[in-house]
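The values are calculated or read from the model by the stated rules, or taken from the named source; none is laboratory data. The structure presented is a predicted model; accordingly, all values stated were derived computationally and were not measured. FYI the Cβ positions are ideal-geometry reconstructions off the backbone, even for glycines, and counts take in every protein chain you see. Ligands, DNA and RNA are stripped out before the accessible areas are found, and what is left, the full protein with its side chains, is counted by its heavy atoms. Shrake-Rupley method; radii C 1.70, N 1.55, O 1.52, S 1.80 Å.
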Amino acid sequence: LGIGCAWVIVRCGHMMLETNGVANAALDRVAVEVRTVGGTLLAELTVHPEETVGLLKQRVLVGIQDAELRACCRQPVLVAGNKPLPDGHRFIDCLGGPAGLAQAASASVGGPLVLCLVSMQRSRLADKLEQFERSGGDVAGAVDVADAVFQAEHEASLRHRPQAINVTTAMPQEKRAQVVAWLGMACEAMLLDDALLHGAVLTLDRYLSACRETLNESQLLQLSLAALCTEMKLANEDNFPPGHWQRVLARLSQGRLLLSGVFEAEAAMLRQLGFVLFIPTVLTFLSGLSLRFVGKPQDPMETPMQDGRPGPSTPGMALHVVLARLLAELVLYDAELQYRHAPAILAGATLGTALLCCGPIASHETVAAEADNPDSDGSTLEAQHGLLLQDLASYCPGTCGLDGMVRTAELDILHFWLECSQATGPMGQCYAHLRRRHSRLCYVEQFGLGYAGARQLEDASPTDGLNRFHAFY
């Protein structure tokens, strides 16, 4: 173990069917022997040169039985010499193709090739949290437990993820979209945080998934208010002093329901869910992934987000965060899309989609450099998307194919966004209200976006995002 990182040596020997001919080298398998620096054997694997580095790394991690060694292998990266090997690349490509593989085998004189598995002990998000604390931010000592919390949130979100088929059986998609849109309007009217909206939708969907029966439309208002009631009770007491959430429910019910009826529905819902609450939502992970946009204010005119949380450092960062939050709420309209992907993956995909639609983020330090180099857009986009994947790995370290999961989710979001933007029925009306609500000056100002940023948000197009998606990938 080195300071701050664990090093594991991977020794690779070629099982050559023929020693002459570069083309044959690409078809031969590679014997991989994994040892610690101290010489302890961890795994013996056979790897096809076409196999991705991420899959190889995942197989190595699965083969480690020792709990202490597994704990050291966090945020692992395979390194050849001084060059890190990207998870999404093929093993043979990382060695320079068939010629590089043959050259490496020749240079080793029949002996093993040596790689290193470098594992950083603290995730990128935890490092960002520490930087924020050092700059004077109050994180209440969360740095030391941040990674454990990140991973626990991801595991909890997977363990309690509803079954989309059960949700849509209980409530058809179009009707459910209208319920979600109504909850969004209710939260806006009562000045409730978006986190309550996402939490209420998840609680309602978990209940519908557990019931596995068609819901009577007469119950929609009662169950929606019951889910929102639970989320308000779980929120910060400073935001909901005694009597406040009761007044919110009474106003939203508009005299059609008694509070006692809402409480009875809430009790039945909680019993069905086994009183398991505080399940992380897509917005939970999106808020975490947005940590890298937070820094010392560069502009004295910058305003904080709600509840005193620091906002993005630049207007460009603010635009990406606001668009990602809009897309995260849009995803709520489609249960199949929402629960097809892990919540953490969807959160990363909303930020990735915002990056594709709005282009690379220009910080104060890089604006001038990018202005002098107009061809840097593609490389900057790739670099920033790579940083997003590294941040996402803070929640699910060692996950194989993370880049592919995010890419698939980004494409699903873009297609659904395009479908909603072209819809003319109830779904189109729900989407139109969502766009207006997220573009309102009173909403975007809390993220430091302002009028010009609101116009940019209105101009964001799924078509532009799809075009850049296909060009990028």
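Brief remarks follow.
- Screening Phe150 with (1) closer than 24 Å to Gln254 by Cβ; (2) at pLDDT 90 or above gives one miss only, at (1).
One line per residue, one yes/no per condition, for (1) open to solvent by less than 20 Å² (accessible area, probe 1.4 Å); (2) part of a helix (DSSP H, G or I):
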{"position": "Ala200", "(1), (2)": "yes, yes"}
{"position": "Tyr207", "(1), (2)": "no, yes"}
{"position": "Glu213", "(1), (2)": "no, no"}
{"position": "Leu220", "(1), (2)": "no, yes"}
{"position": "Asn236", "(1), (2)": "no, no"}
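- Flag for Glu174 being without any contact (Cβ under 8 Å) to a residue 12 or more places away in the chain and either open to solvent by less than 30 Å² (accessible area, probe 1.4 Å) or under 18 Å from Tyr339 (Cα atoms) (or both): no
- Every residue from the stretch 126-162 that is open to solvent by 50 Å² or more (accessible area, probe 1.4 Å) and of a type in the set (S, T, N, Q): Gln131, Ser135
- Selection count, the stretch 447-473, where residues are closer than 24 Å to Val294 by Cα, assigned to a helix (DSSP H, G or I) and either within 22 Å of the chain's Cα centre (by Cα) or hydroxyl-bearing (Ser, Thr, Tyr) (or both): 3
- Checked against the criterion of being modelled with pLDDT of 85 or more and either in contact with a Phe, Trp or Tyr (Cβ under 6 Å, 6 or more places away or on another chain) or under 26 Å from Asp403 (Cα atoms) (or both), the stretch 304-317 has at least one qualifying residue.
- Any hit, the stretch 177-196, residues being in a loop (DSSP other than H, G, I, E, B), at pLDDT 90 or above, surrounded by 19 or more Cβ atoms within 10 Å (Cβ to Cβ) and under 24 Å from the mean Cα position of the chain (by Cα): yes
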